[in-house]
Amino acid sequence: MSTPERTQPTPPAAEAGDNGQKALRAELAELADVVTPASLIDLLLERAFQLNATDIHLDPVADGLRVRLRVDGLLHDVALLPESVRQNVISRLKLLADMDLTERRHSRDGHIARTTFGGERDIRVGTAPTIYGERVVLRLMPDSQTYNSLDDLGLEPEQHELLEKQLRKPYGMIIVAGPVGSGKSTTLYGCLDRLNEPSRSLTTIEDPVERRIDGINQIQVEPKVGFGFVEALRGVLRQDPNVLMVGEIRDSETAHIACRAGLTGVMVLSTIHANDAASAIDVLREYGIPPMFIADAVHCVISQRLIRKVCTQSRETYSPSEAEAQTLGLTPEEAEKASLVRGVPSEANFRTGYAGRTAVFEIMPVDKDIRRAILREAPQSEIASIAKNSGMKTLQMATRDKVLAGVTSTDEMHRVVLSM
């Protein structure tokens with residue numbers, strides 16, 4: 001093993017006010033009994049935004065309120081607030097979200113618009129009853145200026161060029177597939193950024209609207225009043241769109257309308273829950289879309305995952321083991337020359353060894369061979385094989401490249417991609 005690279009300048013957490021996991025836990029514990037719930041919530045939100053957390057979980061337990069932050073996809077304990085402040089904190093959050101304070105028996109949703117760090121940040125609030133009282137989860141919507149460009153997403157150069165080519169087509173569907181929390185919406189926003197020109201009419205249909213973008217008509221669906229994706233789609237298609245983003249294809253009717261739009265001169269961008277690019281075709285089949293519609297409407301399917309990046313402030317390099325070399329497909333000669341990285345747990349990285357995330361992709365253009373396979377209803381495995389033989393870089397291959405480039409680790413590759 002080579003000498004660890006442990007030159008640690010001031011960690012990002014410290015630069016933001018020494019607000020790493022340990023410091024935040026101490027800060028909240030110290031203030032819990034001496035400040036108002038409003039001040040405590042203000043501090044928690046400020047620190048969560050500084051740490052780039054995506055969610056705040058407030059779970060009632062027998063002796064208080066457990067507070068956790070989701071950073072880089074994983075939850076971290078940051079505080080156990082005393083039972084004496086539990087209900088006041090929850091009530092304060094419900095008040096900010098304009099929710100009924102007296103309703104504690106059913107799940108409820110709310111919304112907080114908050115100015116922080118010079119910009120508007122949206123916070124989605126969800127409550128649910130538990131045996132110890134109400135649970136509250138805050139979803140911290142991303143900064144509208146972050147990750148709006150295709151250049152920021154982590155695409156390999158050849159993948160970037162391939163996606164650019166697909167976006168230059170005048171119509172058809174581009175579908176982004178993956179599980180919840182894999183960054184699908186962020187990729188769609190990157191595509192919208194590239195297509196956002198005055199000569200085009202762009203409209204999005206979302207639930208919720210995650211980022212506000214100048215020059216785009218953004219529609220928030222409201223299922224409670226009968227205005228869902230289907231109703232919004234039908235209305236928008238009568239308004240002369242060039243580009244239409246449907247936040248998610250959730251049902252057969254939405255899938256049918258989106259496919260028809262892609263066949264009639266509209267560029268349709270949407271997401272779907274599927275394990276990989278070829279599996280997205282199977283999902284459309286399950287929604288009852290005829291093979292001819294799928295083959296003609298869908299021009300490209302993107303599958304993606306988010307992987308954690310090894311902390312640049314606290315890391316070490318080492319030579320791969322025999323097992324790691326086998327996982328990465330390295331010959332003995334390549335393994336001898338290879339240098340991998342892994343994180344060193346510290347306050348700079350929430351004691352995980354990782355800081356920040358990037359995406360890995362597989363991009364499957366629907367070319368003539370795949371189109372023929374769809375028309376004859378070939379199984380997903382055959383479609384995937386055709387795409388690989390045509391040069392598609394799979395999720396595993398893209399992650400392997402990130403490992404060899406020192407962006408992530410083999411452990412993260414196993415956790416996210418090889419465990420699929």
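Observations on the structure shown:
- Residue identified as surrounded by 15 or more Cβ atoms within 10 Å (Cβ to Cβ), acidic (Asp, Glu) and closer than 30 Å to Val283 by Cα among Glu377, Glu362: Glu362
- Residue in segment 172-195 that is over 23 Å from Asp152 (Cβ atoms), at pLDDT 95 or above and either part of a loop (DSSP other than H, G, I, E, B) or of a type in the set (A, V, I, L, M) (or both) present: yes
- Residue in segment 250-262 that is touching a residue at least 60 places away in the same chain (Cβ under 8 Å) and not hydrophobic (A, V, I, L, M, F, W, C) present: yes
- Cβ pairs under 6 Å, 6+ apart, first in segment 36-51 and under 21 Å from Ala348 (Cβ atoms), second modelled with pLDDT under 85: Arg47/Asn19; Arg47/Leu24; Phe49/Thr116; Gln50/Ala16; Gln50/Asn19
- Residue that is farthest from the chain's Cα centre (by Cα) [pool: residues in segment 216-241 that are closer than 19 Å to Val266 by Cβ and in a strand (DSSP E or B)]: Asn217
- None of Ala348, Ala278, Ala325 is buried (at least 21 other Cβ atoms within 10 Å of the Cβ) and at pLDDT 95 or above except Ala278.
- Residue within segment 357-367 that is farther than 30 Å from Ala258 by Cα and in contact with a strand residue (DSSP E or B) (Cβ under 7 Å, 6 or more places away or on another chain) present: yes
- Subset of segment 157-212 (residues that are among the basic types (Lys, Arg) and under 11 Å from the mean Cα position of the chain (by Cα)): Lys184
- Subset of segment 196-215 (residues that are β-branched (Val, Ile, Thr) and part of a loop (DSSP other than H, G, I, E, B)): Val209, Ile213
- The set of residues in segment 283-300 being surrounded by fewer than 17 Cβ atoms within 10 Å (Cβ to Cβ) and outside any loop (DSSP other than H, G, I, E, B) consists of Arg285, Glu286, Met292.
- Pick from segment 93-117, criterion surrounded by 19 or more Cβ atoms within 10 Å (Cβ to Cβ) and not hydrophobic (A, V, I, L, M, F, W, C), ranking: farthest from Leu24 (Cα to Cα): Gly110
- The selection criterion, being crowded, with 23+ Cβ neighbours inside 10 Å and at pLDDT 95 or above, holds for Ser303.
- Scope segment 61-81; condition part of a strand (DSSP E or B) and closer than 30 Å to Thr358 by Cα; matching residues: Arg66, Val67, Arg68, Leu69, Arg70, Val71, Leu74, Leu75, His76, Asp77, Val78, Ala79
- Any hit, segment 81-99, residues being within 30 Å of Arg415 (Cα to Cα), in contact with a helix residue (DSSP H, G or I) (Cβ under 7 Å, 6 or more places away or on another chain) and in contact (Cβ under 8 Å) with a residue 12 or more places away in the chain: no
- Candidates Ser381, Ser346: the one that is more than 17 Å from Ser303 (Cβ to Cβ), touching a residue at least 40 places away in the same chain (Cβ under 8 Å) and polar (S, T, N, Q) is Ser346.
The values are calculated or read from the model by the stated rules, or taken from the named source; none is laboratory data. Everything numeric in this text was worked out from a predicted model, so none of it was measured. Here the Cβ is made from the backbone with ideal geometry for all residues, glycine too, and neighbour counts use every protein chain on show.
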